[in-house]
Amino acid sequence: MARLFFLLSGEHETLPAAELKAILEAEGYAYAILEKLDQVLRVEADAKCVEAVKRRAALTRLCALELFTCEADSSEAVKALRAVNVSAFLEKGESFAVRIKHVKNHAKHVDGLILERKLGEIILGMAEKAKVNLQAPQKTFTGILTDNKLVFGLRLTEIPPKPFMERRPKNRPFFHPSAMHPKLARCMVNLARPKAGELVFDPFCGTGSMLIEAALIGCRVLGTDIQRRMVKGCKSNLAYYGIKPEGLIVADAKNPPMAKVDCVVADPPYGKSATTLKRATKQIVEECLSAVRDMLSEGGHVCMAAPKTVSISQIGKALGYKHVESHIVYIHRSLTREIAVFEKI
C-alpha cells in the first residue's frame, strides 16, 4: 500500500471525492481515506490504482505519490523535504521540476514560486547528478497548498479535461438541449460502479451521453428511449465515437424489454425541453426504479438524477434499495438536481 494524494476538481463540493472512491471500489482496490482537504484527498492504496483513476475519472486533476504533508510554511516544508530520501525517487542524471499550486485562496502567505525554488535546490543537492528542466522534466514534484497544509509528492499522472470538452453535446452529430455534459455523465457512470466488460443500461438514453462515457471506459452499453427520433440520434452519436451498443431500443422505461444488466445510469426527462408524455417526473422515477430492480443482481447499483423536489432518495428506499449516497447539483435558477446512488440488497 502506498500513500497517495489526488487533486480533485473544484467544480462540485462532494462529487469528485465520491467519484474517486467509487472507481477504487469498482476496480477492487482496498483503500483507506487518510484525510479529506479542500480539493485534495489523501489515500492509502495500491499505487496501481492510479492507472484506473486516470482511465476513468472525470473530476480528478492529478495523482501523486505522497512524500510528506506539513504545515503550510516554507521552513516546515524545507525541514520535511530534508528528511526524505529523494534519491529513491529520482534516478542518477534524471531531470526534474517542482510545481507548487494553491487551492483557491488557501495559504496566501506562502509564495509558491519562492517555495518551488527552495525545494528544487534541496532536491538538486540530494539527488546524484540531477538536473532541473522546467519545460520537459522526466519527473515532477508537486505540492498542493490547501487548508493551511502543504501536501507534497511525486506526480504519477495528470488527467486533462480537454477530451471531455471535445465531447460536448454540441460537437456531436445529433444534438438536443437536454443532453448532459460528458463530465457529469462520466461521473454518474462511475458512481454506478461498473467494471470494464459489464453491461451498463440507460433507460432514458436520449442523445447517448451516459452510454458514450460508459463505453469509453470499456463497458458494454444498452439503451432505451420512448422517442424513436432520440434512439436514432443516439445511434448516430455512438457511431461517431466508434461505439457498437449491445442494443438501442424504442421502449418505455417502466417496462424495459430486457432481463439482466449489471448496473443502471439514468437521467429521466424533466424540464421544458424534455418529453414526459404527460407523466409527472416523480411517477417516471418511481416506475423506472421499480422496473430495473429485478434486472439487477444483488450488489448492483443504480445512479439516477432527478429534480431535488422529487426526493428520489426516499422513493428508492421505499422500493427496497439501499441508499448509498446523494449529491445536490445546482443547474440553474429553476432546477437543482439530486444525483442518488442505490444498491440492490
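Quick notes
- Test: residue in the stretch 287-303 that is closer than 20 Å to Ala214 by Cα, polar (S, T, N, Q) and at pLDDT 95 or above: yes
- Filtering Val103, Val151, Val110 for residues that are assigned by TED's automatic domain parsing to the domain that holds Cys49, among the hydrophobic types (A, V, I, L, M, F, W, C) and in contact with a helix residue (DSSP H, G or I) (Cβ under 8 Å, 6 or more places away or on another chain) leaves a single hit, Val110.
- Ile243 free of Cβ contacts under 8 Å to residues at least 40 places away in the same chain, of a type in the set (A, V, I, L, M), closer than 19 Å to Arg186 by Cβ and in contact with a helix residue (DSSP H, G or I) (Cβ under 8 Å, 6 or more places away or on another chain): yes
- Meets criteria (surrounded by fewer than 23 Cβ atoms within 10 Å (Cβ to Cβ), under 24 Å from His12 (Cβ atoms) and of a type in the set (Ser, Thr, Tyr)) for Ser178: yes
- Filtered residue count, the stretch 181-196, keeping only those that are in a helix (DSSP H, G or I) and surrounded by fewer than 17 Cβ atoms within 10 Å (Cβ to Cβ): 0
- Members of the stretch 86-100 found to be of a type outside the set (Ser, Thr, Tyr) and out of contact with any Leu (no Cβ under 7 Å at 6 or more places or on another chain), listed by number: Val86, Ala88, Leu90, Glu91, Lys92, Gly93, Glu94, Arg99
- Looking only at residues in the stretch 97-111 that are of a type outside the set (A, V, I, L, M, F, W, C) and under 28 Å from the mean Cα position of the chain (by Cα), the one that is nearest to Lys79 (Cα to Cα) is Arg99.
- Matching option when the condition is under 24 Å from the mean Cα position of the chain (by Cα), in the same structural domain as Pro177 (by TED's automatic domain parsing) and either at pLDDT 95 or above or surrounded by 14 or more Cβ atoms within 10 Å (Cβ to Cβ) (or both), among Lys322, Lys317: Lys322
- Scope the stretch 218-238; condition in contact with a strand residue (DSSP E or B) (Cβ under 9 Å, 6 or more places away or on another chain) and closer than 22 Å to Ala22 by Cα; matching residues: Cys219, Arg220, Val221, Leu222
- Residue within the stretch 117-134 that is surrounded by 13 or more Cβ atoms within 10 Å (Cβ to Cβ), within 25 Å of Asn148 (Cα to Cα) and within 31 Å of the chain's Cα centre (by Cα) present: no
- Output for the stretch 197-231, where each listed residue is part of a loop (DSSP other than H, G, I, E, B) and within 22 Å of Met165 (Cα to Cα): Cys205, Gly206, Thr207, Gly208, Ile217, Gly218, Cys219
- Long-range neighbours under 8 Å by Cβ, at least six apart or interchain, first residue in contact (Cβ under 8 Å) with a residue 40 or more places away in the chain and farther than 20 Å from Arg293 by Cα within the stretch 334-345, second part of a strand (DSSP E or B) and not hydrophobic (A, V, I, L, M, F, W, C): Leu335/Pro307
- Neighbours by Cβ (under 7 Å, 6+ apart or cross-chain): first from the stretch 17-34, over 13 Å from Arg56 (Cβ atoms) and aromatic (Phe, Trp, Tyr); second surrounded by 17 or more Cβ atoms within 10 Å (Cβ to Cβ) and modelled with pLDDT of 95 or more: Tyr31/Leu24; Tyr31/Val43; Tyr31/Ala45
- Filtered residue count, the stretch 276-314, keeping only those that are part of a loop (DSSP other than H, G, I, E, B) and either buried (at least 21 other Cβ atoms within 10 Å of the Cβ) or among the hydrophobic types (A, V, I, L, M, F, W, C) (or both): 5
- Of everything in the stretch 163-175 that is part of a helix (DSSP H, G or I) and touching a residue at least 40 places away in the same chain (Cβ under 8 Å), the residue that is surrounded by the fewest Cβ atoms within 10 Å (Cβ to Cβ) is Phe164.
The values are calculated or read from the model by the stated rules, or taken from the named source; none is laboratory data. Nothing here was measured: the structure is a model prediction, and the numbers come from that model. Cβ: placed from backbone, ideal geometry, glycine included. Neighbour counts: every protein chain shown.
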